[in-house]
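What follows is a short report on a single structure.
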Amino acid sequence: MPTCETCGNDYDKAFTITRGDRSAVFDSFECAAQAMAPQCERCGCRILGHGVEIADTIYCCAHCVREAGHGELADRAAGS
């Protein structure tokens, strides 16, 4: 059986994810996220959505962008 790269579990329903030139086998999306999802430069959380990218650095949200000193990025447009 395939073995999960993150936890080492042998699982008959394991799957392979490819991101760029890296491929790995996982037994769950949780393990895949821990191994392959990017981390916010400021708080370190895993970014499972789009995130915010500024100057080749990725952040999880507008708050982390502001806290890192990159100006006034907003979570919502005015009037929302």
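Within segment 48-58, identify whether any single residue is in contact with a Pro (Cβ under 6 Å, 6 or more places away or on another chain), without any contact (Cβ under 8 Å) to a residue 40 or more places away in the chain and closer than 30 Å to Pro2 by Cα, and answer yes or no. No.
Go through (1) under 30 Å from Ala74 (Cβ atoms); (2) aliphatic (A, V, I, L, M); (3) touching a Phe, Trp or Tyr at 6+ places or on another chain (Cβ under 8 Å) for Ala37 and report which single condition fails. For Ala37, the failing item is (3). Taken as a whole, the condition of being under 30 Å from Met1 (Cβ atoms) and open to solvent by less than 50 Å² (accessible area, probe 1.4 Å) applies to Cys31.
Residues in segment 36-47 that are open to solvent by 30 Å² or more (accessible area, probe 1.4 Å) and either touching an Asp or Glu at 6+ places or on another chain (Cβ under 9 Å) or closer than 17 Å to Pro2 by Cβ (or both): Arg42, Cys43.
Scanning segment 8-28 for residues that are small (Gly, Ala, Ser), surrounded by 16 or more Cβ atoms within 10 Å (Cβ to Cβ) and out of contact with any Pro (no Cβ under 8 Å at 6 or more places or on another chain) returns Ala24, Ser28.
The values are calculated or read from the model by the stated rules, or taken from the named source; none is laboratory data. Since the model is a prediction, treat every value here as computed from it, not as a measurement. Here Cβ is always computed from backbone atoms with ideal geometry, including for glycine, and neighbour counts include all displayed protein chains. These area figures cover heavy atoms from the full protein model, side chains too; ligands, DNA and RNA do not enter into them. Shrake-Rupley method; radii C 1.70, N 1.55, O 1.52, S 1.80 Å.
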